[in-house]
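Below is one structure, written out as structure tokens; comments come after it.
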Amino acid sequence: MAEYKLSVIFLDAFNRKTRREYVILSADEAAAIVSADALIAATDPIVECGIVKYTLSRTFDQVTTVTAGADVGQGLTMTWELNTLGSEKLGTSKLPGPIPGIFDANGNLDLSHAGILVYEGKFTDGTITISDGEQPVDLKKGKLDK
């Protein structure tokens with residue numbers, strides 16, 4: 001059985017939103033969608049709040065190695081040029097626990113590092129967005145957070 005997360009956003013009469021999350025165990029995506037739709041249909045008649053949207057996503061277990069000394073309190077802030085049709089808008093994204101080898105002596109990101117080039121390509125190929133759904137077209141700089 002695969003695990004899917006159902007995230008439901010409710011809206012009240014005061015224009016306040018709240019989110020509730022559920023786990024759906026299902027044999028496949030099609031069955032998970034049916035279960036999610038059924039729960040929404042069963043919930044709507046018993047709440048005064050409106051359901052403004054819901055998201056169904058699949059959960060995957062990923063096992064990678066934690067490096068000795070890894071610290072989520074240390075981070076990398078990256079600045080991206082965004083695809084905004086003529087405007088030179090920039091956006092940022094953050095990554096926790098970066099490896100020391102991707103920085104120069106001043107804590108600036110080495111944009112030519114092989115790992116960074118691969119990472120950047122995952123965003124600039126048009127399939128992954130940052131921030132509020134904006135499409136990065138170029139990684140401009142990065143800095144080790146202090």
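From the alpha carbon centroid of region 1-75 to that of region 111-146 is 27 Å.
Taking a ≥ b ≥ c as the square roots of the eigenvalues of the alpha carbon gyration tensor, region 75-144 is prolate, as a/c is not under 1.5 and a/b beats b/c.
Of the peptides 92-99, 77-84, the order by per-residue mean of other Cβ atoms within 10 Å, starting with the highest, comes out as 77-84, 92-99.
Computed from the C-beta positions of residue 25 and residue 63 and an R0 of 25 Å, the FRET efficiency is 0.75 to the nearest 0.05. For the chain, the relative contact order works out to 21 percent when only alpha carbon pairs closer than 8 Å and six or more residues apart are counted. Helix 114-124 and the longest principal axis of the Cα set of the chain meet at an angle near 40°.
Taking every C-alpha pair closer than 8 Å and separated by at least 6 residues, the mean separation divided by the residue count of region 2-59 gives a relative contact order of 52 percent. Shape of region 1-91 from its Cα gyration tensor (a ≥ b ≥ c, root eigenvalues): rounded if a/c is under 1.5, otherwise prolate when a/b > b/c, or oblate? Judged from the Cα gyration tensor, region 1-91 comes out oblate (a/c at least 1.5, b/c at or above a/b). Net length available on complete extension from residue 77 to residue 11 is 20.4 nm, with 0.36 nm assigned per residue and the Cα-Cα distance removed. Can you flag which of 5/146; 5/122; 89/122; 53/141; 53/146 are past 31 Å Cα-Cα? Listed pairs above 31 Å: 5/146; 53/141; 53/146. Taking packing as the residue-averaged number of other Cβ atoms within 10 angstrom, the listed peptides 13-20, 47-54 run from highest to lowest as 47-54, 13-20.
Taking only Cα atoms, what is the 0 to 90° angle, nearest 10, from helix 29-43's long axis to the longest principal axis of the chain? On a 0 to 90 degree scale, this one is about 60.
Over the chain, dividing the summed -39,500 (n - 2.57) contributions of all DSSP H runs of at least 4 residues by the number of residues returns a 222 nm mean residue ellipticity of -5500 deg cm²/dmol.
Every number here is computed from the coordinates shown, using simple stated rules; none is lab data. The structure presented is a predicted model; accordingly, all values stated were derived computationally and were not measured. Virtual Cβ from ideal backbone geometry, glycine too; neighbours counted across all protein chains shown.
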